[in-house]
Amino acid sequence: MNLLKKISAKNIFGIVIFSGLLIESFLIFFLISQNNEPKIANYISIYFLFYLIFFVVFLLIKKIPITAYKKHILYVIIIFGLIFRITLITTTPSTSDDVYRYLWEGKVLYNGYNPYEYPPESQALEHLHSDKLPEFVTFKHMTAVYPAAAQLIFYINYFFSGENDTALKLIYLVSEVITIMFILLLLRLKNKNQLFVILYAWLPLPVMEFFINSHIDAVGIAFFVMFIYFIEKDKLVHAAIPFALGILIKLYPIIFFPLLIKKIGFKKSLLFGLTSGLIILIFTLPFIPHESSINDSLSRYLSKWSFNGSFFRLFYLIGISGELARSINLVLFVILVGVIASHYHEFTKAVYAVWICFIMFSATLYPWYLGWIAAVNPLYSFASINTLFFTINFSNFTPLGDEWHEYLWVYLIEYLPFYLLLIYDISRNVSIKKYFRNF
């Protein structure tokens, strides 16, 4: 503690610059070594190093009052956050191959076919085959599950970049600029330290998952933080548009609709829902297939898929079947969302709480799913969430072996610290303690 007192704001400014350069050197090394094997091992190693440096800088910013050089430090954080992302634009996927489906569906749509109607293995699409696509696409029997706005982004990428993801990552870069900007606006609105934007700008999870593995979540998250900001500002029309567009990228924002009823009232919630629904319908109508294949693929994913889910895995270990475990998780999640929606005092904090419930009860929790709560985390910075951002990287050991295999020791490393620290986070959260006293 005495050592921290001796560190001045000027020293912090220098440490931030040095740390940014050090992280950048690691990312450049990763970029250069992309053609070498093993890619996944390199990814895991760089992620851990990146996180450790980033988190030390965050702790210094958190522990030391900074008045002088505050704007300079903020500018450096934002500039390096963008540099990290730009550096990785030319990389290829390491721990996930989802992007190949994006590329394929963009190609299918560009050539006049409906990706919700024709799976990659369809004979009708054989003339579109290349050495790369759909060779690298997994689950070739499944049609598209990503919503309409995501499909349009895939189309734009193919129009400009063909069978690579350069245009996609440039769209992500713009999205990340928007996300960081709205995080700063939210921090200012909530009278929080704007330097805490480092919790997203320098967090290795969005940097590496969106700019190495090219996950479309980057775009959805940008719309999501816009929605939160405009709701907090009581600008409902402004909020309804990004809310709908976020759903049209990935379906996650739907789960936050119950929170709106208390925030803006039933009548306004109804109008909000109708506005958002109309936008969703306009985008979706041209994609509705002649058959129900979109529902088949999506329902198959929701009912059959599982990976890295904590409670789901626990139920499985004690002998509860996958289907029953999924049902129990869903019931518990719905109950908790209902409780939060009925009793919360601050909308954005309630959003944060619902994301935590999602983490707890989701049957599938890939690392990039955490990018959504990462965009809200700078406002609350729970120790449990910050720790999970680090330990989630251990889930990348699953695809590291010759066969897809989930390890119990990975679950223990990921979730024991998370749940222990979550208890601590809840115990020190005054509003939650008051809630439980009054419930």
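Each reported figure results from applying straightforward, stated rules to the coordinates on display, with no laboratory input. None of these values were measured; they are calculated from a predicted model. Cβ atoms come from the backbone with ideal geometry, glycine included; neighbour counts cover every protein chain shown.
Ranked for footprinting exposure by Cβ neighbours inside 10 Å, fewest first, Asp234, Asp131 give Asp131, Asp234.
Under the convention that each Lys and Arg Cβ holds +1 and each Asp and Glu Cβ holds -1, the size of the dipole of segment 179-286 around its Cα centre is about 480 debye. The listed peptides 388-400, 365-377, ordered by packing as a protection proxy, come out as 365-377, 388-400 (highest mean of other Cβ atoms within 10 Å first). Separation of segment 96-113 from segment 15-39 is 29 Å, based on Cα centroids. Using θ = phi - 60° in the Karplus curve 6.51 cos²θ - 1.76 cosθ + 1.60, the 3J(HN,Hα) couplings for segment 361-368 round to 10, 6, 6, 10, 9, 6, x, 5 Hz; x is entered for Gly and Pro. When the Cα gyration tensor is reduced to axis lengths a ≥ b ≥ c, the ratio a/c is 1.5 or higher for segment 274-397, and with a/b not above b/c it is classed as oblate. Straightening the chain between Ser45 and Ser8 buys 10.2 nm, computed as 0.36 nm per residue apart minus the Cα-Cα spacing. Per the Kirkwood formula applied to alpha carbons, segment 145-206 shows a radius of gyration over Rh ratio, Rg over Rh, of 1.12. Shape call for segment 169-279 from the C-alpha gyration tensor, a ≥ b ≥ c root eigenvalues: rounded (a/c under 1.5), prolate (a/b greater than b/c) or oblate? Oblate shape, in that a/c is at least 1.5 and b/c is the bigger or equal ratio. Segment Glu323..Ser25, full-extension length gain: 102.7 nm, with 0.36 nm per residue of separation and the alpha-carbon distance subtracted. For segment 99-202, the Cα gyration tensor yields ellipsoid semi-axes of 36, 13, 11 Å (square root of five times each eigenvalue, largest first, whole Å). With a simple spin-label model that places each label point 7 Å from the Cα along the Cα-to-Cβ direction, the separation between Thr364 and Leu330 comes to 1.4 nm.
Legend: distances between Cα atoms for Lys62/Lys235; Lys169/Lys304; Lys107/Lys250; Lys132/Lys250; Lys70/Lys169; pairs beyond 28 Å are Lys62/Lys235; Lys169/Lys304; Lys70/Lys169. Computed over the alpha-carbon pairs of segment 379-431, the distance histogram in 5 Å steps reads 4, 20, 24, 18, 13, 9, 6, 3, 1, 0 percent, short to long. Taking a ≥ b ≥ c as the square roots of the Cα gyration tensor eigenvalues, segment 354-394 comes out oblate, since a/c reaches at least 1.5 and a/b does not exceed b/c. Its DSSP H runs of at least 4 residues, each contributing -39,500 (n - 2.57), put the calculated 222 nm mean residue ellipticity of the chain at -21000 deg cm²/dmol, to the nearest 500.
For segment 414-423, backbone phi angles converted through the Karplus equation (6.51, -1.76, 1.60; θ = phi - 60°) give residue-by-residue couplings of 6, 9, 4, x, 4, 6, 5, 6, 5, 4 Hz, Gly and Pro being listed as x.
All other residues whose Cβ lies under 12 angstrom from that of Tyr229 are scored, Lys and Arg at +1 and Asp and Glu at -1, for a net of +2. Of all aspartates and glutamates in the structure, those lying under 18 Å Cα to Cα from Lys263, and not within fewer than 8 positions of it along the same chain, are Glu232, Asp234, Glu346. Our coupling estimate for segment 188-198, obtained by passing each phi through the Karplus curve with A = 6.51, B = -1.76, C = 1.60 and θ = phi - 60°, is 5, 4, 8, 6, 9, 5, 5, 5, 5, 4, 4 Hz, Gly and Pro reported as x.
Under a 5 Å amide H cut-off, with hydrogens placed 1.01 Å from N, Thr364 pairs with Phe307 among residues at least 5 apart or on other chains.
Plainly put, segment 1-150 has a radius of gyration that is 1.17 times its Kirkwood radius, both from alpha-carbon atoms, as the Rg/Rh ratio.
Based on C-alpha pairs under 8 angstrom that are at least 6 apart in sequence, the chain has a relative contact order of 16 percent. On the basis of the beta-carbon distance and an R0 of 51 Å, Ile426 and Ile32 show a calculated FRET efficiency of 0.70.
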